[in-house]
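Working notes for the structure below.
The values are calculated or read from the model by the stated rules, or taken from the named source; none is laboratory data. What you see is a predicted model, and the numbers here were worked out from it, not measured in a lab. Ideal geometry is used to build each Cβ from the backbone, glycine not excepted, and the neighbour counts take in all protein chains shown. Just so you know, the surface numbers come from the protein's heavy atoms only, side chains and all, with ligands and any DNA or RNA stripped out. Shrake-Rupley method; radii C 1.70, N 1.55, O 1.52, S 1.80 Å.
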Amino acid sequence: MRQVKRRTLLLLVPLLLLAGGLVLFGIKYLANGRQWAAFSANSHAYTGGRLTSGQILDRNGVILYDAASGQYHQDGKIRRATLHAVGDRDNNIATGVKCALRDRLIGYNLLTGTTTGGHRLYLTLDAELNAAAYQALNGRKGTVAIYNYKTGEILCMVSAPSFDPADPPVIPDGDSRYEGVYLNRFLSAVYVPGSVFKIVTTAAALENLPDVEDRTFSCTGSVTIGGDTVTCPRVHGEMDLYDALAKSCNCAYAQLAVELGGDVLEQYARKAGLLDEHNVSGIATAAGSFSAGEDSQLGWSGVGQYNDLVNPCAMLTLMGSIAAGRGAAMPCLVAKEATLQGIYLSSPARAAAPIPWRADTCAVLRKMMRNAVTEIYGQNRFGDLNVCAKSGTAEVGGGRAPHSWFVGFVDDETQPLAFVVVVENGGSGSDAAGSVAAAVLRQAVQEP
Ligand SMILES: [Zn+2]
């Protein structure tokens, strides 16, 4: 009897060890399986370190990259315009789909492992619209993005400078033509926002200064705050809050910033999502920053200068939220996923964008940004589109021309498009970035 017990025990110990090992492996597999499959030593998906599984397509089924052949689209304009979305040959662009979403391209599945041939990833982008946006930048550095704020689909996402991924250039160190070329400026850059930040200061003023819509502001071209001077490019005279935003009066906004205080401004920038990282179909974006100084520095931070930094994707999301209120979606880049045999996989539910400010605040902002278009920027640039916008001309110092911003949305249920354009060292926001926005929006509404 005793011998039987001992034998049972002898069997039980290795069985328990085996079971324990299986559980441990199961946990590790659940946690790491995706990385194991996407590791470049996996010969099912890589040859000589190059991914050989999967295809990247645009929203209309145009193949942008085929991993099996290593081929990009045949049109060089489209290759350059979609480089940062798709990724380069050597995966220097870490946020490109080729690199950041390689586990999905391989077709990794928890139960079945990797799929032969990988998966087709259909992006939300329109390749032709990207090409039009790249062309509108006309060799200047910057970024252009348009998204549908109801569905979250990013229709256009261009970053410049770019290059032809089918024939990548040798880039010497310090070559300014290719400065930050591996960075997708829409997802990963932060810029001084300049006057587009006045949208945040306006929201804070509307919610904290009850009489602000009835006030009259007076601009003599400069105002002295704490012994320092904040200036406007010209004398704006007497205005209400609507005209102060449309004319982008620094004097009015610096005084509002000082009255509100740095803590309140920071709180409103945070509520707007401008200080957070966001997630675009699994790809993380850069977080912005806000630090209010004292007196005139606080005044300058209220007009988007001083140490303010904003990420273009966060700004685009804020535009969607102002346009749609509670119904806005977070921007996303992957429309759908299918096997190479054409079997579609269920896609995750679209994420809702954060709600920045009160609904009545957003309603007033829509009217104010509409007023800026009709009074200052010119409706004729946008055809019949009911565009609401704010420009920014952000001083960057060092004797360089300011960065040019133009942000906003189409206030129309049938054309729910929000946009952000940054032209680096482009000069006037309305002229440089505004013209790019107008050209790309006109093209966007022509698309089927
Ligand atoms: Zn002024």
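Pull up region 61-77, narrow it to residues that are surrounded by fewer than 16 Cβ atoms within 10 Å (Cβ to Cβ) and small (G, A, S), then point me to the one that is nearest to G118 (Cα to Cα). Among them, the one singled out is A68.
Within region 238-249, if we keep just the residues that are touching a residue at least 40 places away in the same chain (Cβ under 8 Å) and within 11 Å of the ligand (Cβ to nearest atom), the residue that is least open to solvent (accessible area, probe 1.4 Å) turns out to be S248. Per the listing A203, A189, A257, the residue uniquely within 16 Å of the ligand (Cβ to nearest atom) and buried (at least 22 other Cβ atoms within 10 Å of the Cβ) is A257.
Could you give me the residue pairs with C-beta distances under 9 Å whose first residue belongs to region 378-401 and is in contact (Cβ under 8 Å) with a residue 24 or more places away in the chain and open to solvent by 40 Å² or more (accessible area, probe 1.4 Å), whose second residue is in a strand (DSSP E or B) and of a type in the set (V, I, T) wherever it lies, and which are 6+ apart or on separate chains? As it stands, the answer is R381/V387; N386/V410, since those pairs meet every condition given. Could you say whether any residue in region 131-145 is buried (at least 20 other Cβ atoms within 10 Å of the Cβ) and either within 20 Å of D90 (Cβ to Cβ) or charged (D, E, K, R) (or both)? Yes, region 131-145 contains at least one residue that is buried (at least 20 other Cβ atoms within 10 Å of the Cβ) and either within 20 Å of D90 (Cβ to Cβ) or charged (D, E, K, R) (or both). Which numbered condition in (1) closer than 23 Å to S391 by Cβ; (2) away from the ligand (no atom under 16 Å from the Cβ); (3) not in a loop (DSSP other than H, G, I, E, B) is the only one that R270 fails? In the conditions (1) closer than 23 Å to S391 by Cβ; (2) away from the ligand (no atom under 16 Å from the Cβ); (3) not in a loop (DSSP other than H, G, I, E, B), R270 misses (1) alone.
Residue by residue through region 146-168, note down the ones that are open to solvent by 10 Å² or more (accessible area, probe 1.4 Å), touching a strand residue (DSSP E or B) at 6+ places or on another chain (Cβ under 7 Å) and more than 21 Å from A314 (Cα to Cα). Within region 146-168, A166 is the sole residue that qualifies. The residue of region 260-271 that is least open to solvent (accessible area, probe 1.4 Å), among those that are among the aliphatic types (A, V, I, L, M) and over 21 Å from S404 (Cα atoms), is L265. Would you check if E213 is more than 31 Å from the chain's Cα centre (by Cα), in a helix (DSSP H, G or I), more than 11 Å from the ligand (Cβ to nearest atom) and of a type outside the set (S, T, N, Q)? In short, yes.
Out of all the residues in region 179-196, is one or more touching a strand residue (DSSP E or B) at 6+ places or on another chain (Cβ under 7 Å), closer than 21 Å to Q135 by Cβ and in a strand (DSSP E or B)? The answer is no; no qualifying residue exists. Here the condition is being crowded, with 21+ Cβ neighbours inside 10 Å and not hydrophobic (A, V, I, L, M, F, W, C); of R80, R177, it holds for R80 alone. Per the conditions (1) within 16 Å of the ligand (Cβ to nearest atom); (2) among the hydrophobic types (A, V, I, L, M, F, W, C); (3) surrounded by 23 or more Cβ atoms within 10 Å (Cβ to Cβ); (4) not in a helix (DSSP H, G or I), the sole criterion not satisfied by V235 is (3).
Here's the yes/no breakdown for (1) over 30 Å from I343 (Cα atoms); (2) among the aliphatic types (A, V, I, L, M):
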{"site": "L121", "(1), (2)": "no, yes"}
{"site": "A127", "(1), (2)": "no, yes"}
{"site": "A131", "(1), (2)": "no, yes"}
{"site": "Y134", "(1), (2)": "yes, no"}
{"site": "K141", "(1), (2)": "yes, no"}
{"site": "Y182", "(1), (2)": "yes, no"}
{"site": "L187", "(1), (2)": "yes, yes"}
{"site": "V190", "(1), (2)": "yes, yes"}
{"site": "V212", "(1), (2)": "yes, yes"}
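Do we find a residue being part of a strand (DSSP E or B) and either in contact with a Pro (Cβ under 8 Å, 6 or more places away or on another chain) or surrounded by 14 or more Cβ atoms within 10 Å (Cβ to Cβ) (or both) anywhere in region 432-443? No, there is no match, as no residue in region 432-443 is part of a strand (DSSP E or B) and either in contact with a Pro (Cβ under 8 Å, 6 or more places away or on another chain) or surrounded by 14 or more Cβ atoms within 10 Å (Cβ to Cβ) (or both). Residues that are surrounded by fewer than 14 Cβ atoms within 10 Å (Cβ to Cβ) and assigned to a loop (DSSP other than H, G, I, E, B) were ranked within region 216-225; the one that is farthest from the ligand (Cβ to nearest atom) is T216. When we screen P312, P354 for residues that are touching a Ser or Thr at 6+ places or on another chain (Cβ under 9 Å) and crowded, with 22+ Cβ neighbours inside 10 Å, the only hit is P312.
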